[in-house]
Amino acid sequence: MSGPPAPVWLVAANVVLWRRYGDLGQELRPGTKAYRGGARVYVVDTYPGMGHQQLTTVGHGRHNGHWITIDTGTRHLRTFRPQLVYAPAVLKRCGGRGSGTREEAEELAALLERIAREERHAHHAAPHPQGCLCHECLTVTPG
């Protein structure tokens with residue numbers, strides 16, 4: 001019998017609390033269809049050929065709380081950071097695709113944070129609605 005799987009460096013992120021939706025992004029929706037707003041997810045794969053606009057993530061699903069693996073838009077995630085993952089459920093789903101070292105995970109996290117910020121800004125080119133609660137507006141609101 002082998003022991004528990006070895007920990008892997010992955011990029012962790014949180015799902016945005018509110019995202020813009022609909023025509024010109026004037027509607028707000030909490031989290032995503034698959035994840036609750038604020039849920040922690042782990043990035044197990046990226047698509048460099050697509051400019052890292054989509055990521056394969058592992059996290060607790062919105063509806064049943066079970067671990068799910070799903071492709072998610074980078075713009076729907078925030079606070080990317082490297083994290084050493086020990087959870088067997090995550091390790092099983094990542095299949096050894098994690099970053100090799102902490103430094104590689106830090107570089108990927110910084111890249112994904114920049115891309116997510118650019119994508120959130122560029123996806124809906126229209127002005128934000130009055131009283132917007134999206135991630136960009138919440139981070140600049142005083143108080």
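Any read-out appearing in this document is the output of simple, stated calculations on the displayed coordinates, not a laboratory observation. None of the values given here were measured: they were computed from a predicted structure. For neighbour counting, all protein chains shown are included, and Cβ atoms are generated from backbone atoms with ideal geometry for every residue, glycine included.
Stretched out straight at 0.36 nm per residue, the stretch from residue 40 to residue 53 would grow longer than its current Cα-Cα span by 2.8 nm. Spin-label pair residue 6-residue 64: with each label point 7 Å from Cα along the Cα-Cβ axis, the two points sit 3.3 nm from one another. Close amide H partners of residue 39, meaning residues 5 or more places away or on another chain with modelled amide H under 5 Å apart, are 15.
Give me the net charge for the shell around residue 87: Cβ to Cβ below 14 angstrom, other residues only, Lys and Arg +1, Asp and Glu -1. Please list the in-between numbers first.
On the way: positive: 40, 92, 93; negative: none.
Neighbour charge sum, excluding residue 87 itself: +3.
What's the FRET efficiency of residue 79 with residue 23 using the Cβ-Cβ distance as r and R₀ = 22 Å, to the nearest 0.05? All intermediate terms of the calculation are to be shown ahead of the outcome.
Numbers: r = 28 Å, r/R0 = 1.29.
Step by step, r from the Cβ atoms, then E = 0.20.
Full extension of the chain between residue 101 and residue 33 gives 21.3 nm of extra length, using 0.36 nm per residue less the Cα-Cα distance.
Across the stretch 1-89, the relative contact order, built from alpha-carbon pairs under 8 Å that are at least six residues apart, equals 34 percent. In order along the stretch 12-23, the Karplus-derived 3J(HN,Hα) couplings, from 6.51 cos²θ - 1.76 cosθ + 1.60 at θ = phi - 60°, round to 9, 8, 10, 6, 4, 5, 10, 10, 6, 8, x, 4 Hz, and Gly and Pro are given as x.
For the stretch 81-88, 3J(HN,Hα) computed residue by residue from phi via the Karplus equation (6.51, -1.76, 1.60; θ = phi - 60°) reads 7, x, 8, 7, 9, 10, 4, x Hz, glycine and proline entered as x.
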